[in-house]
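The values are calculated or read from the model by the stated rules, or taken from the named source; none is laboratory data. Here the structure is a predicted model, which means the values were calculated and not measured. Neighbour counts are summed over all protein chains in view; Cβ atoms, including those assigned to glycine, are modelled from backbone coordinates with ideal geometry. Only protein heavy atoms, including side chains, enter the accessible area calculation; ligands, DNA and RNA are left aside. Shrake-Rupley method; radii C 1.70, N 1.55, O 1.52, S 1.80 Å.
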Amino acid sequence: MHLYAAEAVLNEGWSLALTEPDRFLDPEELADAGLNWVAAKVPGTGAASLAEAGLYDPENPHPLHDRDVWYRTRFEVEHPGAKRIVFGGLATIAEVFLNGEKLLETESMFLAQEVFAKVKDTNTLAICFRALEPRLGKRGPRARWKTQLTATQGLRHFRTTLLGHMPGWCPEVHAVGPWRPITLHDAQAPVLSNLKIQSELLPDGAGRLSVSFEAGKLDAVPHISCAGSECAMTRGGNGRWVASVELADIHPWMPSTHGTPHVYEVALDIDGQAVSLGKTGFRRIEVDRGADGKGFGLKINSVPVFCRGAVWTQADLLGLSGTKEAYRPLLELARDAGMNMLRIGGTMTYKTRAFFDLCAELGILVWQDFQFANFDYPVADDAFADLVRAETRHQLQMLEGCPALAVLCGGSEIFQQGAMMGLPESRWRGALSQTLLADCAAELRPDVPYVENSPVGGHLPFSANEGIAHYYGVGAYQQPLEDARRANVRFTTECLAFSNVPTRRALEQNFALSVDDPRWKAGIPRDRGADWDFEDVRNHYLKRLYDIEGPDIRDADPERYLDLSRAVVADVLEATISEWRRSQSSCQGALVWTFQDVATGAGWGVVDAAGHPKSAYYALKRSYQPLHVALIDEGTNGVQVHLTNDTPLSQNIRLEVTCLRGGAVPVVKGQRDLVLTAQAQMDLPTTDLFGAFFDTGYVFKFGPASHDVVVARLIASNTDLVLSEAVHFPLGFSTEQFPLKVSFEFTEVDGGEWVLSLETEKTLRFVQLDFLDFRTSDDGFTLVPGRKKQVRLKPEPGTEHTRPQGSLRALNGLGELNLSPDVSKKT
């Protein structure tokens, strides 16, 4: 870490050109080659710069790994001489030249590089990213298995991302270029090396901060300060500066679902000059294996946390941006949905410190896979192992002190891939995850649990009933919803993958895409080699839950098909997450695959490629909220109410349960005032509120059904506001439709936001709101009589002074309503 700001950030004046592989060995040969040079963005990728120049179509990408990509720039310095040049990340096989001399060769996009060089007044810097494709046939230790994830088996020899190499769900956009910043520093400026920051939460609630580093000559004794306390550092016999200070007046860091994510600045003072070492938080993480020792869960500061969220893909697949500006909108969406964990899978890329700092600020835990997946990696090759070790240390040192880092994992589906090929455990469990990565994690982040792989545990590594699973029973394997309980899932770091349909407005305005467009089917994710895709999975549940043949309704009424598709996925997600969150469930965590799409269309993401939430996002938002009520049909045991309070405060609430005939007329109603204690759960049968037997789930069928809707509401005792709502349809899905009758009212609030109040006399199923230039706080919900539903409308950036204009439609409603403040209170 450099103590002072860089003398220069080399991000201007860059251009790039493509050449045949290995045609030019040094930049001097480029001068008279007649190449087509285009402006290039640094940090960034060749794909992004070519797209900006109109020479690359991200929707129909052409390969970049089959050619060399040359970058060059000229820069001037005010004080020439000895400098340190830092390359934050070069993807992937790169040669760097300064003023015609080769400075550096590197073979990992995940490892930063520093070089010393003598710099002139005016300089030329060139980087050649050598073609990867001709090198993929590299010979090495023979693989014990091949993966179906990609056809390019030679990638196992190279430290580069698998993004762009996984056909079936990820566009083949190849990561090539200087994707992280390039900075210039005075060679004599002090540098901290081997920085370690450990923040501990002690049993008495105090914090302990320990900081150590190596440095060259310093002008004075450094001091560390944090949370209002300061401590002079001492220099040990090994030359390391060390300090440890106890902080009595700190507040612990908690995920946002369970408390407040308090963070504190750590500052280093040298002779009156303050340097930020970043922010930290004080928390304690324990692994909870359950009563039988076979489970997996996390306790944060001794509080059991049901970890829920999604698998992060990439905020910017084209340019691989790592800025706070790129991350913040998406991470705020995750936080607002009640997500308290995001997983960075082993098929993606490492994220910048900015990502982790935002997660710490927003109260989101991060499960970090090291970037290894499915392959049998050649760790017996000493050079490869050394590269992995250096890369791992670099990535972990970047995250020193960050409280959001919650789990370190040795990769994705390596064990599963080997086991599914029929190999014995001794063949697929090896040194990469057992020793190499584990040792680095233990040394550099001893406060963070390490797991060997995801999935892992059980008689086979992919068994859902022990350890960590990738659970696709409900979903890809088309099991009934009951399988979520039958599988006895303990913790699933991937689950519930569906082809999630974007909103109507997104399809029409952002993507100009319809179901009869050839791009539609091309955008549906599929597993490589499979004869089915994830639209087929969605259609299966349309038939299973709604008794509707997807292909038939798609041909007859495409718009209704899309609405039904949005609805059925939402129903599956809400039912499954509610099942896993009940107090008697074995499950302690569920991360949906995936958070955001990497391409246009109905991908796995619960957020589309333009950053707009889909129906799946809103279903998770309702299911993930810290204060939550669920209705679960337990057959002859009746319909049970499950209450959860993850917050650190007890809640005085009123629980109301009502059964409606024809979705409108109450036939039985019960309520109870309760104190829901902090970070606790409560279960009770609906009949306890009614005071007598009532066939709430219509399982005994003593005559015709008296009702078709059951609604439970959690209501704040002091404000009468609805905190959470659950709706159950004991007779299942009905195709009946009737004219929409909804009263609505708009109220303008601060910041250009509006509140839309909705009221109905008859239950409306899967209500969708479409607003131009506004994002809604909820969508795809059931609107039930008896209470006004309030939805907040937040203007999209740049539209803060716009008045809302939108529409409302429902699955069981005919037509749609136009919504505008100019016609408020009308039906």
*Any lysines with Cα under 27 Å of the residue 788 Cα? List them, leaving off those in the same chain fewer than 8 positions away.*
614, 621, 669, 741, 762, 825, 826
*Classify the range 510-628: rounded, prolate or oblate, from the alpha-carbon gyration tensor (a ≥ b ≥ c, eigenvalue square roots; a/c under 1.5 rounded; otherwise prolate if a/b is larger than b/c)?*
prolate
_Modelled FRET efficiency - R0 41 Å, residue 675 with residue 731, Cβ distances, 0.05 increments_ = 0.75
*List every residue whose amide H lies under 5 Å from the amide H of residue 250, counting only residues 5 or more places away in sequence or on a different chain, with H placed 1.01 Å from N in the peptide plane.*
207
*Over the Cα atoms of the range 744-827, how large are the radius of gyration and the largest Cα-Cα distance (Dmax), in Å?*
12.3, 37
*Can you check how the C-alpha radius of gyration of the range 629-670 compares to 2.2 N^0.38 Å, as a plain ratio?*
1.47
*Report the full-extension gain for the segment residue 271 to residue 531: residue separation times 0.36 nm, less the Cα-Cα distance, to one decimal in nm.*
86.9 nm
*Within a Cβ distance under 14 Å of residue 695, other residues only, what is the Lys/Arg minus Asp/Glu net charge?*
-1
*Between residue 504 and residue 788, 0.36 nm times their residue separation minus their Cα-Cα distance comes to what?*
99.7 nm
*How much of the accessible area of the chain, probe 1.4 Å, is carbon plus sulfur, in whole percent?*
48
*Stokes-Einstein D for the range 240-319 at 10 °C, 1.306 mPa s, Kirkwood Rh over Cα pairs, in µm²/s?*
97
*asked:* If you scale each eigenvalue of the Cα gyration tensor by 5 and take the root, what three semi-axes come out for the range 474-570, rounded to whole angstrom and sorted largest first?
replied: 25, 15, 13
*Can you give the net charge of the other residues whose Cβ lies under 14 Å from the Cβ of residue 189, counting K and R as +1 and D and E as -1?*
-1
*Please report, in whole Å, how far the alpha carbons of the chain spread along each principal axis, starting with the longest.*
89, 62, 62
*In this model, which of 299/324; 83/196; 41/146; 120/351; 83/351 are farther than 32 Å apart at the alpha-carbon?*
41/146; 120/351
*Work out the FRET efficiency for residue 649 and residue 299 from their Cβ-Cβ distance, taking R0 = 22 Å, and round it to the nearest 0.05.*
0.70
*Would you mind computing, in nm to one decimal, how far apart the modelled labels at residue 12 and residue 690 are, each placed 7 Å from Cα along Cα→Cβ?*
7.4
_List the residues, sorted by chain then number, that are 5 or more residues from residue 805 or on another chain and whose placed amide H is less than 5 Å from its amide H._
772
*Please list the non-local residues whose amide H lies under 5 Å from the amide H of residue 177, H modeled 1.01 Å from N, same-chain partners needing a gap of 5 or more.*
46, 91, 92
*Apply the Karplus parameterisation 6.51 cos²θ - 1.76 cosθ + 1.60, with θ equal to phi minus 60°, to every residue of the range 81-91 and state each ³J(HN,Hα) to the nearest whole Hz, in sequence, with x for glycine and proline.*
x, 6, 9, 10, 10, 10, 9, x, x, 10, 10
*asked:* Rg over Rh of the range 520-583, using C-alpha atoms and the Kirkwood radius, what does it come to?
replied: 1.04
*May I ask which residue of 399, 423, 433 lies farthest towards the positive end of the charge dipole of the range 388-450, with charges of +1 (Lys, Arg) and -1 (Asp, Glu) on Cβ and the Cα centre as origin?*
423
*What ratio of Cα Rg to 2.2 N^0.38 Å holds for the range 641-743?*
1.20
*Isotropically averaged projected area of the range 600-640, using the convex hull of Cα atoms (one quarter of hull area), nm²*: 4.1
*How large is the charge dipole for the chain, taken about the Cα centre, if only the Cβ atoms of Lys, Arg (+1) and Asp, Glu (-1) carry charge, to the nearest 20 debye?*
1340
*Residues with beta-carbon under 15 Å from that of residue 207, excluding residue 207: net charge, scoring Lys, Arg +1 and Asp, Glu -1?*
-3
*What is the extension gain from residue 820 to residue 719, computed as 0.36 nm multiplied by their sequence separation minus the C-alpha to C-alpha distance, in nm to one decimal?*
33.6 nm
_1.4 Å probe accessible area per residue over the range 566-704, in Å²_ = 34
*Considering only protein heavy atoms, what per residue accessible area in square angstrom results for the range 1-104 with a 1.4 angstrom probe?*
48
*So what are the ³J(HN,Hα) numbers for the range 537-545, from phi and the Karplus equation (6.51, -1.76, 1.60; θ = phi - 60°), rounded to whole Hz, Gly and Pro as x?*
4, 4, 4, 4, 6, 4, 6, 5, 9
*Using a Förster distance of 51 Å, how high is the FRET efficiency between residue 700 and residue 286, based on the Cβ-Cβ distance and rounded to 0.05?*
0.70
*For the range 399-504, what does the alpha-carbon gyration tensor say about shape, rounded, prolate or oblate, given a ≥ b ≥ c as the root eigenvalues, a/c under 1.5 as rounded, and a/b over b/c as prolate?*
oblate
*Using θ = phi - 60° and the Karplus form 6.51 cos²θ - 1.76 cosθ + 1.60, what ³J(HN,Hα) does each residue of the range 235-240 get, whole Hz, x for Gly and Pro?*
9, x, x, 8, x, 7
*Please give every one of the aspartates and glutamates within straight-line cross-link reach of residue 102, meaning a C-alpha to C-alpha distance under 12 Å, and leave out same-chain neighbours fewer than 8 residues apart.*
26, 28
